[in-house]
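Here is the structure we will look at, set down as structure tokens.
The values are calculated or read from the model by the stated rules, or taken from the named source; none is laboratory data. Everything numeric here is computed off the predicted structure, so don't read it as measured data. Positions of Cβ are generated from backbone atoms using ideal geometry, with glycine treated the same way; all protein chains shown enter the neighbour counts. Surface areas here come from the heavy atoms of the whole protein model, side chains and all, with no ligands, DNA or RNA. Shrake-Rupley method; radii C 1.70, N 1.55, O 1.52, S 1.80 Å.
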Amino acid sequence: MVAMDYEPDAAGQESYILCADCGTVISSANGAGLCVGCLRNTVDITEGIPKEATLNFCRGCERFLSPPQTWVTAQPESRELLAICLKKIARPLMKVRLIDASFIWTEPHSRRIKIKVTIQKEVLANTVLQQTFELLLVVHTGQCPQCTRLAAKNTWKASVQVRQKVTHKRTFLWLEQLILKHNAHKDTININEKRDGLDFFYAERNNAIKMVEFLAGVVPVRTKASEQLISSDTHSNTSNYKFTYSVEIVPVCKDDLVCLPKNQAKAWGNISPLTICSRVGNTVHLLDPMTLQQTDVTAPVYWRQPFDSLATVTDLVEFIVLDVEPSGPVRGKYVLADAQVTRSSSSANNMDDDGMGDDGIYHTRTHLGAILQPGDTVLGYHLTNANFNNDAFESFNQDRIPDVILVKKTYPNRRKKSKPRNWKLRSIAKEAEDVNENTTTVGRGALGRKGGVDQRNVERDYELFLRDLEEDKEMRAAINLYKAEQQEQNVNDEDGDVGMGDSGKKSGSGMKGGKRRTGAAAGAGAGGMEVDDEMDDGEGTEADDEEEDDFPEIDINELLEHFEELDMDAEGGEEVQ
């Protein structure tokens, strides 16, 4: 028997060879026959990938150009900036596999950005080579198209014209606060005041469409779009347009008296035609103060059958409550009550059939039974001798028209005090000077820049708007209020902030000493609703020193701490001619 020795299979043993260039021992599985160092010296997988590139930076808006035409805001050494830099070599990188990319620190003022990039590529059969290289980007400063148009005074491409055909600006003061809270103005480059509203200007059409959609969500409006051809190129079939969006707000405001046509009143829940507007959101809320019945009118429904206000807040008359007795029905915050009132300022010019003048006692029903007490002061519409040029009012049954319709409670004694408000509002724009005059005139945010009579009207509307905020908790919940500093007692400060307190002017009637307007001033101001500029040095009486206990003080918890100045000029806006 022949003995045989076991020999292991050669396939199970790893064999080695020498590198063809340097003689280093390498595995025989290396199909290239070269070590890693010699393979890198022979094959360069970064060939064809540029090692230097340029990066465009706008000095005006501090944005980087993200190819092909997008300008993006990016912080230094951020992921966004890294993505922009890699897009510069995006096409050559498609031939390799990107493993890692990171920033290399450089001096901030050097205008150089360095990136370490690691890539992999298969060079031979079953041979993958990994290599790292540096990409240097030189930052070139310039201007983006938006900043270029701004410098050339060709600032806007789309505009939104907001109009409301009323005699006051309170709606736009309310809109300004809603825009600030929701930051809807961030893309606006300028705001101009017009006769019946405001014009918002935008560099892009999409931003104007967003503003139109925002307005439609907060107030009832109707919109019309138009476009104007600026230039066209017949060879490339391209055109340049300017777009304009006309937005008209419903001309019915809070606390207005409305008389509906009979057919509309029947269609809207058979409500009484004589109603008051209790609130305006994205719909108009109408309330019958005699029955507490309510109805909501949407914008499409209103514009199919529009109606105007019978009387506005400037027609309100001041009454004194003699007696009030709740009659039972309650709906939300409204309580139906029977009330006896008399005018606070009487005149014997108008006599009724019973020989009583304006100081007579009027019996009426009101929805304010929850807040009225005997001795309170209330504002309402005096319809006894009113004469309205309105077809719906003339066709209404005269026997069903009350003598007085009470609208809201007021606080005349507190208004006469010089105590400043402990809160203030933000403003879209700084108070602007009237360049047409040699005098300094200030407005309210984007309003009241024309000076003269327009400024006085805005001051009056602004004071009434602040009173509405104090007396309506629902309105305050929809906007942001800010704490006022102790030293900020003026209405307009040097930084363009809008303060609510004024130690030099009295809120309310605008007259010192607690004096109430009478005669022609009361008629023009409609029962103490005017905010006049006239001052009197008289002293108040003992009765005027009494304050209402239920004055709606604003809780300090409702106020925000940080007040940031907001200025359209600081955001790059220029005056649009």
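Odds and ends about this structure:
- Among the residues listed as N263, N240, the single one being assigned to a strand (DSSP E or B), more than 26 Å from T410 (Cα to Cα), open to solvent by 20 Å² or more (accessible area, probe 1.4 Å) and free of Cβ contacts under 8 Å to residues at least 24 places away in the same chain: N240
- Being of a type outside the set (S, T, Y), open to solvent by 40 Å² or more (accessible area, probe 1.4 Å) and closer than 23 Å to C144 by Cα is not true of I189.
- Residue match in the range 18-26 (condition: touching a Ser or Thr at 6+ places or on another chain (Cβ under 8 Å) and modelled with pLDDT of 75 or more): yes
- Any hit, the range 233-253, residues being closer than 20 Å to V378 by Cβ and modelled with pLDDT of 90 or more: yes
- Residue within the range 221-231 that is charged (D, E, K, R), over 16 Å from the mean Cα position of the chain (by Cα) and buried (at least 17 other Cβ atoms within 10 Å of the Cβ) present: no
- Looking only at the range 280-318, and only at residues there that are touching a Lys or Arg at 6+ places or on another chain (Cβ under 9 Å), in a strand (DSSP E or B) and not β-branched (V, I, T), the one that is surrounded by the most Cβ atoms within 10 Å (Cβ to Cβ): E318
- Yes/no for Q120 being surrounded by fewer than 15 Cβ atoms within 10 Å (Cβ to Cβ) and more than 19 Å from C61 (Cα to Cα): yes
- Applying the criterion of being of a type in the set (K, R) and farther than 14 Å from L425 by Cβ to the residues of the range 455-483, the residue that is surrounded by the most Cβ atoms within 10 Å (Cβ to Cβ) is R460.
- Some residue of the range 138-151 being more than 30 Å from V212 (Cα to Cα) and in contact with an Asp or Glu (Cβ under 9 Å, 6 or more places away or on another chain): yes
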